[in-house]
Amino acid sequence: METEPPVPPVNPHILTINGGSSSIKFALFEVGNLLRRIWVGGIDRIGQSESTFEISGVNPADNFSRKLSVSDHTAAVGVLMDWIDTSSGRGSLAAVGHRLVHGGPHYYEPQQITVAMMAELHELTAFDPEHLPEELLLAAAFQQRFPGLPQVACFDTAFHHDLPRVARLLPIPRRYEAQGVRRYGFHGLSYAFLMDELMSLGDQAATSGRVILAHLGSGASLAAVADGKSIDTSMGFTPAAGVPMGTRSGDLDPGLAWYLARTEKMAAEQFNELINFQCGLLGVSETSSDMHDLLGYETRDVRAAEAIALFCYQIKKWIGAYAAALGGLDTLVFTGGIGENAPTIRERICDGLGFLGIELDAMRNTQHASLISSDAGRVSVRVIHTDEELMIAKSVARVLHLKCRNSQL
């Protein structure tokens, strides 16, 4: 009697979720000797008139893009879970990893999500009302749909958790520190990935040197890293602090809140809306929060030119400040949508920093080489594509001790 051939073992898969204020990004990884990305995707413009649901995979048959209407994150994640059920199948999905921007003073290490943890994090939404409520909603939706599926929270503050005390303190009455009001720093998943990449490139500064990491995108921040440890970062208690961003102001004179309250009767909620969604590149240019658009406008629109100049000037100042905090500089890394794709911005930021040993090679910079500094420059200036999704997947595999069925992780 003939027998059926054995079914080959299926390696476990990890789904990563990165929820934004109006979007959800996701990726699926197969757990093997290395984590292999199967597909990436996203749902954008959530809550607007027309959203886009896109998937791009290693198998071209998986690729698609379609328009849909989703009123909120609950509807959007429902579309994703339906697609997983019908197209990918639930069988090989071993876990879901979530990027959580803020975990307050107690949550920072990646860990499996529990009912008690969700309850505590809901109490912390005041720390990050722009991101945390939607991120928790996504985790709850997966729990309801797939109740036995492990989920892991990966906190964006982890990289900066051990900042020196002088860099953590805010110059306000000490009683607020007991409530968790301190400088936290963000973009931690991105920075952790960059440091891993520097080590794989053989850059000794990653473990025994002075590094400045510049994550420049619609959200932007810098970090100063000494001997592999974050010693300072530009974002603070919230992601609105630091350098100007796409729609966030960055650091402001705190007296502005009181001024606008008196002159425009602006309430605290309105001020929060202003500094998070109406400032930065958008506020100064009055046209766009997108650097690519502004570079196209700058020769004919002084507002666009000034927005770009302010962005570059402020980042240059932070680089100088962090070089002082580090006692010098060995490596500067650009990443993020602007940092990776805008050679003109990299050039303008680095212009005039020769006294620090920063000197770009014009051709390398224009060609987006991985090393864009000149051979004569004392500082290695690099462009590295960041990968937060991979860092989430690695954390999930480590926390849950996931291994594929026919090899070691």
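The values are calculated or read from the model by the stated rules, or taken from the named source; none is laboratory data. Since the model is a prediction, treat every value here as computed from it, not as a measurement. Note that each Cβ is placed from the backbone with ideal geometry, even for glycine, and that neighbours are counted across all protein chains shown. Just the protein is used for accessible areas: all its heavy atoms, side chains included, with ligands, DNA and RNA removed. Shrake-Rupley method; radii C 1.70, N 1.55, O 1.52, S 1.80 Å.
Remarks
- Count of the range 47-90 residues which are among the β-branched types (V, I, T) and open to solvent by less than 40 Å² (accessible area, probe 1.4 Å): 6
- Of the residues making up the range 197-206, those that are in a helix (DSSP H, G or I) and either among the hydroxyl-bearing types (S, T, Y) or in contact (Cβ under 8 Å) with a residue 24 or more places away in the chain (or both) number 5.
- Test: residue in the range 396-409 that is open to solvent by 40 Å² or more (accessible area, probe 1.4 Å), closer than 30 Å to L93 by Cα and in contact with a His (Cβ under 9 Å, 6 or more places away or on another chain): yes
- Selection count, the range 22-51, where residues are of a type in the set (K, R), free of Cβ contacts under 8 Å to residues at least 40 places away in the same chain and farther than 15 Å from R66 by Cα: 1
- Selection status of G185, at pLDDT below 95 and either under 16 Å from the mean Cα position of the chain (by Cα) or of a type in the set (S, T, Y) (or both): no
- Cβ pairs under 9 Å, 6+ apart, first in the range 155-166 and within 15 Å of G180 (Cα to Cα), second in a helix (DSSP H, G or I) and open to solvent by 40 Å² or more (accessible area, probe 1.4 Å): H160/R168
- Some residue of the range 140-156 being charged (D, E, K, R), buried (at least 17 other Cβ atoms within 10 Å of the Cβ), modelled with pLDDT of 90 or more and in contact with a helix residue (DSSP H, G or I) (Cβ under 8 Å, 6 or more places away or on another chain): yes
- Of all residues in the range 106-153 being of a type in the set (G, A, S) and within 23 Å of the chain's Cα centre (by Cα), the one that is nearest to R183 (Cα to Cα): A126
- Single match in V383, V399, V302 (criterion: out of contact with any Phe, Trp or Tyr (no Cβ under 8 Å at 6 or more places or on another chain), in contact (Cβ under 8 Å) with a residue 24 or more places away in the chain and either over 26 Å from D251 (Cα atoms) or among the β-branched types (V, I, T) (or both)): V399
- Extreme residue, most open to solvent (accessible area, probe 1.4 Å), among residues of the range 91-129 that are among the β-branched types (V, I, T) and touching a residue at least 24 places away in the same chain (Cβ under 8 Å): I113
- Subset tally (residues that are within 16 Å of A321 (Cα to Cα) and surrounded by fewer than 24 Cβ atoms within 10 Å (Cβ to Cβ)) for the range 185-221: 1
- Members of the range 360-375 found to be open to solvent by less than 90 Å² (accessible area, probe 1.4 Å) and part of a loop (DSSP other than H, G, I, E, B), listed by number: D361, H368, A369, S370, I372, S374
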